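*Asks:* My structure is below; once you've seen it, I'll send some questions.
Please treat every number below as a calculation from the coordinates, not as lab data. If you're wondering where the values come from, they're calculated on a predicted model, not measured in any experiment. All Cβ positions, glycine included, derive from the backbone under ideal geometry; neighbour counts span all protein chains shown.
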Amino acid sequence: PQAALARMMTNVAIDSLVGMIPFVGDLFDFVWKANTKNLEIYRQAMAGPRSTTKDWAYVAVFVVGVFLLLAIPVSIGILLLM
């Protein structure tokens, strides 16, 4: 299902974004097992029909969080230019 694929891509995106931070990224990679999480999502999806509401909510929270993180420097830049 598309919701499962979207959630799997979100897991990889989180792993990649936080993994770029020196030292913290290494610790995060040790704890956040994106491949293991994605394998479990895949197994659940192949086992039969499942509710996609949780998957879409997970993706939506990630997207909103990214937009909020991007809005902070833009807002500061606008305030400094005024």
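*Asks:* Checking the structure you have, find out if any residue of region 16-27 is polar (S, T, N, Q) and free of Cβ contacts under 8 Å to residues at least 12 places away in the same chain.
*Replies:* yes
*Asks:* Looking at Ala45, Ala57, Ala13, Ala34 in this structure, which one is out of contact with any Asp or Glu (no Cβ under 8 Å at 6 or more places or on another chain), among the small types (Gly, Ala, Ser) and free of Cβ contacts under 8 Å to residues at least 24 places away in the same chain?
*Replies:* It is Ala57.
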